[in-house]
Amino acid sequence: MQLLVLGTGEAFDDNGLGNTSFIYSGKGQPTILFDCGYQIPERLWQSPKIYPHIDAVYITHLHGDHTMGLAPLFIRFLEEKRKKTLTVFGPRGVQKNIEEMAGLAYSSIFKKITFAIEFKELCCDQEFVYKKMKFACAHSSHSRENLSVRVWPSQKKSFCISGDGALTEAMMRLYQGTDLLLQEVFSPKPAGVFHCDLEMLLDYTDESDIKKIGVTHISRHYLKEMKRLVSNHKARTYKLFVPKPGQKISL
């Protein structure tokens, strides 16, 4: 069971980090892509043993750096004669948003594709099962509805992906005791109400019983400072780190 880090950057990153995105795979389990921004498709093509097997895409929220890579992904699957259904999970409006975006990118795309796309709209505090894997969602505080997610590939292991947004009580409950959290941390100190910051995260983590926390979606303006702060941070009960594109994180 592992997560491949495709990108860790913010929407307008210029450090080669790519939009924040991850892909999960495990023996005998579905392969799931978490977010697919406009910088992600080329990174997917560089993993030819993984991306053709994507069963589902989980979209945390409907901003372009989390969705605009889907149209190229659909066309690539069409060219490669994909047949199996692709399931797309996301917040309210995900089907309308993705269909309009993909239609603008490639006209009549949904008349041409040879595989089914099944959209599943989610709401906060929802739990569901997909191919025997359990999922649970919680709202963050963001400028657009964002559903952070916890996934249990097995009864004993779980991981969480935040998407974007400041921490909420619902997210804190969702994260409690997870093995791995990949959390958006935009800045070292508060920088508005729609993003998490390092001070906010550290105020929570000592009581969270989380084993590993990966800091993602860092503002390009604070990247060097954030790496230094994370490197120097000493935690008693968990590991704090900055993931790198291409890194494989085992559960």
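Bear in mind these aren't lab numbers, they're just calculated from the coordinates by the rules spelled out. Owing to the predicted nature of the structure, the values given are computational and were not obtained by experimental measurement. Note that we place each Cβ from the backbone using ideal geometry, even for glycine, and neighbour counts take in every protein chain shown.
Here are the numbers for this structure:
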| read-out | value |
| --- | --- |
| Convex hull per residue volume in Å³, alpha carbons only, for the stretch 116-251 | 131 |
| Cα-based radius of gyration of the chain once divided by 2.2 N^0.38 Å, which approximates compact folds | 0.96 |
| Chymotrypsin sites (Phe, Trp or Tyr not before Pro) lying in DSSP loop within the stretch 3-63, provided at most 15 other Cβ fall within 10 Å | PHE12 |
| Rounded to 10°, Cα long-axis angle of helix 70-79 versus longest principal axis of the chain | 40 |
| q = 0.17 Å⁻¹, the stretch 137-213: log10 I(q)/I(0) [Debye, one scatterer per Cα] | -0.57 |
| For the stretch 72-180: Kirkwood Rh in Å [reciprocal of mean 1/r, alpha carbons] | 15.6 |
| Sparse-neighbour loop sites [trypsin sites (Lys or Arg not before Pro); the stretch 1-105; at most 15 other C-beta within 10 Å; DSSP] | LYS27, LYS49, LYS81, LYS83, LYS84, ARG92 |
| Order of ILE117, ILE161 under a 10 Å beta carbon neighbour criterion, fewest first | ILE117, ILE161 |
| Dimensionless Rg over Rh [the stretch 61-124; C-alpha; Kirkwood] | 0.95 |
| Lys, Arg +1 and Asp, Glu -1 on Cβ, resulting dipole of the chain about Cα centre, debye, nearest 20 | 1120 |
| Per DSSP, loop GluC sites (Glu not before Pro) in the stretch 107-214 with at most 13 further Cβ within 10 Å | GLU207 |
| In degrees, nearest ten, helix 94-105 long axis to first principal axis of the chain (Cα) | 60 |
| Sum of -39500 (n - 2.57) over DSSP H runs of 4+, divided by residues of the chain (222 nm, nearest 500) | -6000 deg cm²/dmol |
| Gain on full stretching of the segment that runs from ARG173 to GLN126 - 0.36 nm per residue minus C-alpha separation | 15.6 nm |
